[in-house]
Structures are given as C-alpha cells and as structure tokens.
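The values are calculated or read from the model by the stated rules, or taken from the named source; none is laboratory data. If you're wondering where the values come from, they're calculated on a predicted model, not measured in any experiment. In this analysis, Cβ positions are derived from the backbone assuming ideal geometry, glycine residues included, and neighbour counts consider all displayed protein chains. To get the accessible areas, we keep the full protein, side chains included, count just its heavy atoms, and leave off ligands, DNA and RNA. Shrake-Rupley method; radii C 1.70, N 1.55, O 1.52, S 1.80 Å.
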Amino acid sequence: MGIVTLFIVPVGVATAVYLEEYADRDRWWNRLIELNIQNLASVPSVVYGILGLAFIVREPLSLEPVLLAGALTLGLLVLPVVIIVAREAIRAVPPSIREGSMALGATQWQTIWKQVLPGALPGIATGVILALSRAIGETAPLLVIGAALFARFNPDGLTEGAFTALPLQIFASIQDPGADTQAVGAGAILVLLILLVMMNSVAIFLRNRYEQKW
C-alpha cells in the first residue's frame with residue numbers, strides 16, 4: 001500500500017490539476033482523456049490484472065511477478081477513482097479564491113499551489129485513503145499477475161522474489177481443511193478489518209480537521 005500511495009498521489013493529483021486548471025476542453029485529446037478516466041473507474045478489477053500481466057509483468061516492462069508489479073497493478077486499479085475525487089475537490093474550491101489570488105499578482109501555478117490545493121486537500125486525502133481501502137482488499141488482479149498464495153519469506157526487494165498480500169493469505173488459509181490454519185485465516189480477517197477501520201477513521205479525521213482549518 002505504501003508503494004501504491006507513492007504512485008497514485010502524485011500521478012492522480014497532477015492529472016486532476018491538469019484537467020481542471022490547464023486543459024482546454026475543446027481539444028479532442030482532453031475530451032478523450034476524460035472519457036477514458038470515467039470509463040476506467042467502472043472496469044472490473046480482473047481486467048486490470050490482465051492489463052498488469054500484459055504490460056507490466058511481461059512486455060514492455062518485463063518486471064515479472066514481483067512486489068513492484070503488484071503495486072503498479074493495484075495503483076492502476078484505483079488511479080481513476082483518485083483522479084475523479086481530486087477533480088471534484090479542486091472544482092469545489094470557490095472561483096473567488098482563484099480570482100483574488102490572481103488579482104494580487106500571483107501566477108497560475110502559485111494560485112494552484114498556495115490556494116487551490118490547500119482548499120482541496122480534505123477531499124483529495126479522503127479520496128486517496130478510500131481508494132487505498134479498496135486496493136487493500138483486492139485479490140483478482142494479484143492472482144492474475146502471479147502473486148503467491150502462500151509465502152514464508154519477505155520479498156528480496158521491489159523487483160526480486162515472490163510476494164503475496166493479506167487477502168491472498170486469508171483465501172489460502174480458509175481453504176485449508178486444518179482447524180489451526182483456518183483460525184489463522186480468521187485472525188487475518190480481523191487484522192484486515194482493523195486496518196480498514198483505521199484507514200477510514202484517518203480519512204474522516206483529515207477531512208474534519210482541514211475543513212475546520214480552511
């Protein structure tokens with residue numbers, strides 16, 4: 001999830017800023033980008049697994065089924081959601097904020113960096129955490145790209161060694177007929193639920209804190 005965050009936050013926010021603040025909607029490529037983002041947000045997760053297998057695990061990146069490939073695949077899965085939420089948050093900033101900043105002599109980028117993004121931060125942070133809450137429970141894309149159902153050791157690095165994820169461990173443990181293994185799977189389910197509750201609580205806290213500050 002850390003690697004996914006490092007991928008989706010800069011790419012998602014930068015894309016949202018471009019589409020809302022810089023893009024000319026009369027240009028056909030900008031309309032095509034917006035159409036694709038809207039469509040990709042509703043694509044089943046297994047399709048992203050096929051995409052990751054074709055372009056990340058195999059050619060052209062040829063990363064093989066490693067930790068970085070799994071993170072990039074999950075990042076592609078939730079990236080459209082982050083872009084859409086970030087665009088809505090940026091759009092919600094009052095136009096008078098932009099006009100006042102520009103009237104005082106600030107450039108467009110200074111206005112975006114100092115005024116627009118701080119005002120949109122609660123919505124962006126909430127969208128990112130909710131997107132991560134979805135990614136943390138996904139199994140289909142990881143299975144398609146070749147993640148291990150059972151791994152006893154940590155990966156050797158981002159681009160070496162087999163990797164797994166907590167939902168895959170839960171799936172493997174519950175399928176095992178042994179009572180002890182199923183108990184381990186039940187404990188892993190509780191851990192995953194606690195993580196999800198914590199992530200959503202952080203999203204609510206950030207939204208309330210920055211909304212009051214703004």
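Name the helices (runs of 4 or more DSSP H) wholly within segment 120-214 that hold at least 3 residues that are under 25 Å from A14 (Cα atoms)?
Qualifying helices (runs of 4 or more DSSP H): 179-213.
Can E99 be described as over 30 Å from E160 (Cβ atoms) and of a type in the set (D, E, K, R)?
Yes.
Considering only residues of segment 83-109 that are over 15 Å from E20 (Cα atoms) and polar (S, T, N, Q), which is surrounded by the most Cβ atoms within 10 Å (Cβ to Cβ)?
S101
Just checking, which of P177, P122, P118 is buried (at least 18 other Cβ atoms within 10 Å of the Cβ), of a type outside the set (A, V, I, L, M), farther than 27 Å from P44 by Cβ and out of contact with any Pro (no Cβ under 9 Å at 6 or more places or on another chain)?
Just one listed residue meets the conditions, P122.
Select from segment 1-38 the residues that are under 13 Å from the mean Cα position of the chain (by Cα) and not β-branched (V, I, T) and write down the one among them that is least open to solvent (accessible area, probe 1.4 Å).
Here the residue is G12.
Filter segment 81-111 for residues that are hydrophobic (A, V, I, L, M, F, W, C), under 27 Å from L35 (Cα atoms) and in contact (Cβ under 8 Å) with a residue 12 or more places away in the chain and give the result.
V81, V82, I83, I84, V85, A86, A89, I90, A92, V93 - these are the residues of segment 81-111 that are hydrophobic (A, V, I, L, M, F, W, C), under 27 Å from L35 (Cα atoms) and in contact (Cβ under 8 Å) with a residue 12 or more places away in the chain.
Just to be sure I understand the filter: pairs with C-beta atoms under 9 Å, separated by 6 or more residues or on different chains, first member in segment 43-61 and in contact (Cβ under 8 Å) with a residue 60 or more places away in the chain, second member polar (S, T, N, Q). Which pairs pass?
If the second residue must be polar (S, T, N, Q), the pairs left are S45/T139; Y48/T73; G49/T73; G52/T73; L53/T73; I56/S62; I56/T73; V57/T73.
V144 - would you say it is in contact (Cβ under 8 Å) with a residue 60 or more places away in the chain and either open to solvent by 60 Å² or more (accessible area, probe 1.4 Å) or within 30 Å of S101 (Cα to Cα) (or both)?
No; evaluated as a whole, the condition is false for this residue.
When you go through I56, I37 one by one, which is the residue that is of a type outside the set (F, W, Y), modelled with pLDDT under 90, in a helix (DSSP H, G or I) and over 21 Å from L195 (Cβ atoms)?
Criteria check complete, one pass: I37.
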